[in-house]
C-alpha cells in the first residue's frame, strides 16, 4: 500500500483565495497519472509537465497507478500553479520526500519540461491565504518573489528548479528566506503624462480636476474636438497622491490576478483607458474563468472613457453598479467572484456626432434628431452617477502661442491642497480609505450638517434644476470637497453655488 501524501496550495478565486489540499496515492496497477477534483484543461495537461519535470530533474517517477485529488473536489480549479504541489505530492507518496517536512508550507508554481519553475498569476492571493490559514512558509517561483514579499507574516522562499527544491526539502541544501529588494524593477501602470501646468487656459476644467481628485468625484468633460478634453483627463492621474502600502498591495493583487503583472508591484496610481470597442466582459470582468475587468484594474486610480457615446450602450449601463457599490460581483454557473472597483471615472464626449454643436467658430452639420439621439446614448441613470459635468471650449488659435502655462508652482500647490483636503476627509471618516464621494445621506446629517441658509439655497436650486435625490446629495458631496479645499469646516453658500454649476441639468 502506498503512502497518501497531502500538499497545500491555494485556488485564487475572485479577490480572495481558497485553501486546496493536493492529495496523492500510488498503488499497483497500470502506470499512469489521473488528476481528479474538478480541474480544467490546464490542470489536465499538468500530467505531461509533471512527468517530464520529475524525470528530467533526475528523480524517480513511480511506475505505478497514481491518483491525485484536488480537495475540496466541488470547487472549480484553474491554473498552472498546481504543477509544483502535484509533483511534490507524487514524490512524497512514493517515499522520496518526508511528508512531515511539507506540512507547514504552501507551494505554487508552473513546471517546465526540464524542471524549471515558471512564474504564475495571483501570487499575492496565494500568499495572503497561506498566511491566514496558519502556514509559516511559502515556496514560489523566483519571478514571483517581489510580489509575494508584499504580504507580511509568512516566510517566502524563491525556487528556481524542482531539483533545487527537492534538495532543500531533503535538507541537503538550504534555501534562504527571500528579502525585499529595492523597488527599481517595480512597474507603474500609469505612464508619465501631462501635469496641470501643461494646460493652456481651461481654468474651470482645471478647477474641476482638482475637486475630482480631492474628493474622488466622477467627472464628464464635454466640448468640441481638439479642445483639450483628453489631455485634461490625463492630468487627473498626476494630481492624485502616491499609493499607500495597503493600496499598493490591493492594486498589485488585482493586476496579478488578471495576469497583467506577475514579477513586480504597482507603485503608481492606475490610469486605465479601454478602447471604445471593449466588450462588457473586458470592462466589467468575468468570462468562463472570471478575471478582473478594467473597472477593477483601475482600483485606487482613474478609469478614462474617451468619447463615451461611442461605447456600446450595454457596456456603459454595466458601469452603474460598480459606480454605486465600488465593487463588481461576477456570477457564473461554476461560481461567483467579487472584485473591488473603487475608481474615479472621467469621461469625455462631443456635443453632437460632428462635434461642433454650439461652437462659435465652426458650424454644426448635424440635424436636431441626430444631436438628440447622440446625447441620449448616455442614459439618465448613468449621468446621475456622474458628480460633475464641465464644458470645455476651444482656446482661440491666436492665443495658443501667446498664452503661457502656469508656473510650476500651480501643479505642486494644487497637489498639496488635494492632499490636505484628503487628510481632512480621513479625519472626518476616521478611515484612510474613504472620501467625500462615499458620504451617505445619514452621514451628511451627522458629519456635515447644512446651515439654514445653505439648505434654503439648495432646495431652491433643486426645484429649479429638477435634481433627483441622488443628484441632490451629489451636489452636497461636491460642496463638501470644495469646502475641504478651502480649509473650511462648514459648507458655505459660495461652496454650494460652485458645486451647483458642475451639475448637469436639462
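The values are calculated or read from the model by the stated rules, or taken from the named source; none is laboratory data. Quantities reported herein were computed from a predicted structural model and do not represent experimental measurements. Using ideal geometry, Cβ is built from the backbone for each residue, glycine included, and neighbour counts are taken over all protein chains shown.
Output the qualifying pairs, or none if there are none: Cβ atoms under 8 angstrom, residues six or more apart or on different chains, first residue in region 121-132 and on the phi > 0 side of the Ramachandran plot, second residue assigned to a helix (DSSP H, G or I) and crowded, with 24+ Cβ neighbours inside 10 Å.
As it stands, the answer is 122/256; 122/257, since those pairs meet every condition given.
Which residue is farthest from the chain's Cα centre (by Cα), if the candidates are limited to region 239-250 and must be in a helix (DSSP H, G or I) and farther than 9 Å from residue 213 by Cβ? Let's see the steps before the verdict.
Initial filter on region 239-250 (in a helix (DSSP H, G or I)): 239, 245-250.
With farther than 9 Å from residue 213 by Cβ added as a condition, the list becomes 245-250.
Working: 245: 15, 246: 13, 247: 10, 248: 10, 249: 11, 250: 8 Å.
Among them, the one singled out is 245.
Take residue 106 and tell me if it is closer than 21 Å to residue 135 by Cα, in contact with a helix residue (DSSP H, G or I) (Cβ under 8 Å, 6 or more places away or on another chain), at pLDDT 95 or above and assigned to a strand (DSSP E or B).
Here the answer is yes, as residue 106 does meet what is asked.
Of everything in region 145-176 that's in contact with a strand residue (DSSP E or B) (Cβ under 8 Å, 6 or more places away or on another chain) and in a helix (DSSP H, G or I), which residue is surrounded by the fewest Cβ atoms within 10 Å (Cβ to Cβ)?
Filtering region 145-176 for residues that are in contact with a strand residue (DSSP E or B) (Cβ under 8 Å, 6 or more places away or on another chain) and in a helix (DSSP H, G or I), the one surrounded by the fewest Cβ atoms within 10 Å (Cβ to Cβ) comes out as 168.
Checking the structure you have, find out if any residue of region 13-29 is in a loop (DSSP other than H, G, I, E, B) and more than 30 Å from residue 292 (Cβ to Cβ). Before the answer, list the steps.
Residues of region 13-29 in a loop (DSSP other than H, G, I, E, B): 14-15, 28-29.
Restricting the remaining residues to those that are more than 30 Å from residue 292 (Cβ to Cβ) gives 28-29.
Checked against the condition, which is being in a loop (DSSP other than H, G, I, E, B) and more than 30 Å from residue 292 (Cβ to Cβ), region 13-29 yields at least one hit.
Counting just the residues of region 30-51 that are over 37 Å from the mean Cα position of the chain (by Cα) and in a loop (DSSP other than H, G, I, E, B), which one comes out surrounded by the most Cβ atoms within 10 Å (Cβ to Cβ)?
The qualifying residue surrounded by the most Cβ atoms within 10 Å (Cβ to Cβ) is 31.
Give the residues of region 60-95 that are in a loop (DSSP other than H, G, I, E, B) and in contact with a helix residue (DSSP H, G or I) (Cβ under 8 Å, 6 or more places away or on another chain), sorted by residue number.
Matches in region 60-95: 60, 61, 62, 78, 79, 80, 81, 82.
Identify all residues within region 291-306 that are in a loop (DSSP other than H, G, I, E, B) and surrounded by fewer than 24 Cβ atoms within 10 Å (Cβ to Cβ); write none if there are none.
Initial filter on region 291-306 (in a loop (DSSP other than H, G, I, E, B)): 293, 298-301, 306.
Selection gives 300, 306.
Which one of these does residue 44 not meet: (1) closer than 30 Å to residue 336 by Cα; (2) in contact with a helix residue (DSSP H, G or I) (Cβ under 8 Å, 6 or more places away or on another chain)?
Every condition holds for residue 44 apart from (2).
Among the candidates 257, 239, 249, 219, which residue alone is in contact with a strand residue (DSSP E or B) (Cβ under 7 Å, 6 or more places away or on another chain) and more than 15 Å from residue 303 (Cβ to Cβ)?
Only one candidate qualifies: 257.
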